[in-house]
Every structure is written in structure tokens, then in C-alpha cells.
Amino acid sequence: MTATQNALAKRYAKALLTQSLESGLDAAALNADLQALANWFTSTPDAQTYFEHPAVAQTAKINLVQQSLSQALHGTITRLFTLLIQNGRARLLPAVAEAYRQLLNAHMGVIEGQLISATKLDAATQQAIAETLKTKLDARQVTLQNQVDPEVLGGVKLIFGDQVIDGTLSSQLKQLEAQLIAAG
């Protein structure tokens with residue numbers, strides 16, 4: 001996705017969040033519907049082809065959305081998807097959903113991150129790390145996705161937003177190697 005498309009997706013997401021907050025809508029419920037729609041869109045190649053195909057009339061696309069999705073999704077989400085279709089930007093739906101999720105999390109004080117370790121960490125350890133981060137980052141909630149990477153050897157690496165905390169054994173060994181080489 002290009003930088004322009006990402007910027008457009010963020011604008012749609014910001015407008016959706018602003019409208020939901022100003023209207024007193026349940027922003028989290030809208031997020032659930034938007035994520036479900038984006039997941040369906042990305043996992044169904046026929047849907048992508050149909051909604052992006054220039055030979056399919058816009059009215060046919062909109063009618064399909066209104067007939068098949070209006071019962072399952074909040075009206076705000078179906079209107080957003082209809083707007084994307086009208087503007088020839090249906091392909092932006094997954095990026096809009098991701099941008100909305102990020103904006104909503106920031107608004108709610110939720111931090112999402114990756115927790116990389118050599119082996120799968122048990123739930124108690126993950127929770128302890130999340131609670132420590134929650135306190136240090138003054139967040140309402142911290143959600144960590146544990147990823148296993150045997151190359152870290154030991155310790156953990158935390159990635160959240162544009163911040164990285166690398167406490168892995170492999171990182172410490174690389175630092176030691178660099179110090180030994182520098183020392184001659």
C-alpha cells in the first residue's frame with residue numbers, strides 16, 4: 001500500500017472514530033464489526049475482485065452491501081464501506097480497519113505489542129510483563145502477542161509502537177562481541 005493510500009485510510013479511520021465518539025456510539029463495537037468486515041474482505045478474493053472491478057456497476061456493489069451486510073453489521077460500518085465503494089476505494093478497507101483499531105486503542109489508553117521469546121511464555125509470565133509495562137507506560141491496558149523465536153536464545157524482546165526493549169541473550173552477546181572487537 002502506498003503512502004497516499006495509508007494517509008487516506010487514516011483519514012477515513014479518524015473520521016469514523018470522531019463520528020462515533022461525537023454520536024455516542026460504541027466505538028469498540030464498531031471496531032469489532034469493522035475488523036470482521038475487513039477480515040472477510042481480505043480472506044475472500046472473490047469479494048475483493050467484485051468490489052474493485054470497474055465493470056461492475058457501483059449501484060450493484062452498493063445494493064449487495066445493503067442487502068447482505070446491513071443486517072449483520074452496524075449501519076455506520078455499512079455506510080463507511082458504501083462510501084469507500086462510491087469513492088472507488090474499497091481496497092482501502094483493511095487499512096482503514098487497522099488504522100481505526102490503532103486510533104481507538106490510543107484513545108482508550110490501550111497499548112498493543114509483541115513479546116518475543118525463545119520459548120512460549122506461560123500466561124502468568126506474560127501477564128506479569130504486561131502489568132509492569134502498564135505501570136511504566138501509564139496505560140489502561142497492555143496486550144502482548146507472544147511470538148517464539150529460538151534465535152533470541154533467552155530473555156525477551158518487547159516491541160510496541162515504535163519502541164523496542166531488547167533484553168534478549170542474543171542481543172547481549174552481540175553487544176559483548178562488539179565490545180571485544182572494539183577493545184582489539
note = In whole angstrom, the spacing between the Cα centers of the stretch 100-153 and the stretch 1-61 equals 27
note = With every protein chain kept in place and a 1.4 Å probe, the chain has an accessible area per residue in Å² of 60
query = Tell me, what is a quarter of the convex hull surface for the C-alpha atoms of the stretch 1-85, in nm² with one decimal?
reply = 5.8
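Carbon and sulfur atoms: what percent of the 1.4 Å accessible area of the stretch 3-141 do they account for?
53
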remark   = Quick calc: nm separation of the 7 Å Cα→Cβ label points for residue 60 and residue 48 -> 2.1
query = Counting only complete DSSP H runs, which helices of the chain cover 20 Å or more along their long axis at the Cα atoms and score a mean Kyte-Doolittle of -0.5 or above?
reply = 3-22, 27-43, 93-108, 123-137, 169-183
query = Taking all pairs of different Cα atoms in the stretch 86-184, averaging 1/r and flipping that mean, what Kirkwood radius in angstroms comes out?
reply = 15.7
key: Inter-label distance for residue 183 and residue 18, nm, one decimal - labels placed 7 Å from Cα along Cα-to-Cβ   = 5.8
key: Translational diffusion of the chain, µm² s⁻¹ [Kirkwood Rh, Cα pairs; Stokes-Einstein; 37 °C; 0.692 mPa s]   = 171
request  = May I ask you to compute the full-extension gain from residue 25 to residue 70, defined as 0.36 nm times their residue separation minus their alpha-carbon distance, rounded to one decimal in nm?
outcome  = 14.5 nm
note = Longest the chain segment clear of trypsin sites (Lys or Arg not before Pro) sitting in DSSP loops (not H, G, I, E or B) with at most 13 other Cβ atoms within 10 Å runs 1-119
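The values are calculated or read from the model by the stated rules, or taken from the named source; none is laboratory data. Bear in mind the structure is a predicted one, so any value in this text is a computation, not a measurement. Note that each Cβ is placed from the backbone with ideal geometry, even for glycine, and that neighbours are counted across all protein chains shown. Note: areas computed on protein heavy atoms with side chains; ligands, DNA, RNA excluded. Shrake-Rupley method; radii C 1.70, N 1.55, O 1.52, S 1.80 Å.
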